[in-house]
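Colleague: I'd like to ask you about the structure that follows.
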Amino acid sequence: MNYIVLDLEWNQSSDGKEEESKLLPFEIVEIGAIRLNSERQMVSEFSELIKPQVYHEMHHITRKLIHLQMDQLEHGRPFAEVAEQFFDWCGEAPVFCTWGAMDLTELQRNLSYYGMQTLADGPFPFLDVQKLFSIGFEDRKSRRSLEYAIDYLKIEKDIPFHRAFSDAYYTAKVLALLDQEVLRNYSYDVFHIPKDKQSEIHVQFDTYAKYISRGFADKAQAMEDRTVSSTKCYLCRRSLRRKIRWFTPNGKHYYCVSYCDRHGYMKSKVRMRKSEDKMVYVVKTEKFITEAEVEAIRDKQKKSKDYKKIINVKKPGR
């Protein structure tokens, strides 16, 4: 098994007016990566600058964050050439690992822009080391900076931060210190959403379950879908009675609470997202919660501006 710990740096439009900014909001200008073996030992490294083809001025935020000048990038090679070399270096069936969830989506968007094959034709699993750090060492909810994690774990800072290779290097250092069982909590990149019902994602982790839907025309159609709106216990598969019906405080997140006689109160949360082709898709998570947490959700419902617009969805059982 090869773990490919990847970090990207990218540039963007300096004024947001370029037509390309709609197709390629972030142009990758540097790829850095570390390859780890199955024992999570560093065995190889990759670092390349990319010559810009779209944005020829450095955005001021990019310049401040990554300490790169445009004249340095002019010595790089075109994206397609670097990307092809990178994937050859990755080897077969790599497990991609990143700090945070954006890098693989932007990598795929750049590949698509240049007419290259993307990493998958649907959602695919990867390791979000930022999330895994929180699961392994903190509260499972916090999302810390990479430098915070390095300080927390007392890892030596032997190269500067905020370049692609150095951030991949430090991310690999954190990954190497995680317990093996923590690595079961993989994430999914959804640059491509499921094409149909048969390819939708259903996965169960230690403390929650996740579902990623196919595309829908709009939010209403999504919430009318049986799989989206159903509330089944993910442990015993029984249809549950809702104690708090589906509601939304903001039109993006939808909540309900159900009750299982065997396992207690289960919170369901739906996040509405837009796919690359402007379809609406759903990421639903379900987890068991305490009575105090139930009351907090009930309070959220009462305070919601949409409280009087509680969503009526078709109930498969209840």
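The values are calculated or read from the model by the stated rules, or taken from the named source; none is laboratory data. As the structure is a computational prediction, the values presented were derived from the model and not from experiment. All Cβ positions, even for glycine, are placed from backbone atoms using ideal geometry, and neighbour counts span all protein chains on display. Just the protein is used for accessible areas: all its heavy atoms, side chains included, with ligands, DNA and RNA removed. Shrake-Rupley method; radii C 1.70, N 1.55, O 1.52, S 1.80 Å.
Colleague: Of (1) in contact with a Leu (Cβ under 8 Å, 6 or more places away or on another chain); (2) touching a residue at least 60 places away in the same chain (Cβ under 8 Å), Ser230 satisfies all except one. Which?
Modeller: (1)
Colleague: Looking at Leu132, Leu111, Leu107, which is the one that is surrounded by 14 or more Cβ atoms within 10 Å (Cβ to Cβ), free of Cβ contacts under 8 Å to residues at least 60 places away in the same chain and closer than 19 Å to Phe87 by Cα?
Modeller: The unique qualifying residue is Leu111.
Colleague: Mind listing whichever residues of segment 149-185 are of a type in the set (Ser, Thr, Tyr), out of contact with any helix residue (DSSP H, G or I) (no Cβ under 9 Å at 6 or more places or on another chain) and either in a loop (DSSP other than H, G, I, E, B) or open to solvent by 30 Å² or more (accessible area, probe 1.4 Å) (or both)?
Modeller: Tyr169
Colleague: Does Gln117 satisfy the criteria of being among the polar types (S, T, N, Q), within 25 Å of Ile193 (Cβ to Cβ) and open to solvent by 10 Å² or more (accessible area, probe 1.4 Å)?
Modeller: yes
Colleague: Would you please name the residue that is farthest from Lys197 (Cα to Cα), looking only at residues in segment 239-253 that are out of contact with any helix residue (DSSP H, G or I) (no Cβ under 9 Å at 6 or more places or on another chain) and surrounded by 14 or more Cβ atoms within 10 Å (Cβ to Cβ)?
Modeller: Arg242
Colleague: Turning to a different aspect of this structure: Would you please name the residue that is farthest from Arg262 (Cα to Cα), looking only at residues in segment 212-238 that are of a type in the set (Ser, Thr, Tyr) and open to solvent by 10 Å² or more (accessible area, probe 1.4 Å)?
Modeller: It comes out as Thr227.
Colleague: For Lys287, indicate whether it is farther than 17 Å from Pro194 by Cα, without any contact (Cβ under 8 Å) to a residue 24 or more places away in the chain, open to solvent by 30 Å² or more (accessible area, probe 1.4 Å) and of a type in the set (Lys, Arg).
Modeller: No.
Colleague: Something else about it: In segment 33-71, what residues are of a type in the set (D, E, K, R), crowded, with 16+ Cβ neighbours inside 10 Å and assigned to a strand (DSSP E or B)?
Modeller: Arg35, Glu48
Colleague: Is at least one residue of segment 106-120 modelled with pLDDT under 95 and part of a helix (DSSP H, G or I)?
Modeller: No, the conditions are met nowhere in segment 106-120.
Colleague: Give the residues of segment 165-221 that are farther than 29 Å from Met266 by Cα and among the hydroxyl-bearing types (Ser, Thr, Tyr), sorted by residue number.
Modeller: Ser166, Tyr169, Tyr170, Thr171
Colleague: Identify, please: which residue in segment 93-104 is touching a residue at least 24 places away in the same chain (Cβ under 8 Å) and not in a strand (DSSP E or B) and is, among those, most open to solvent (accessible area, probe 1.4 Å)?
Modeller: So the residue we want is Ala93.
Colleague: Can you name the residue in segment 198-211 that is farther than 17 Å from Cys236 by Cβ and of a type in the set (D, E, K, R) and is also least open to solvent (accessible area, probe 1.4 Å) among such residues?
Modeller: Glu200
Colleague: All but one of (1) open to solvent by less than 30 Å² (accessible area, probe 1.4 Å); (2) modelled with pLDDT under 95 hold for Gly264; which doesn't?
Modeller: Condition (2) is where Gly264 drops out.
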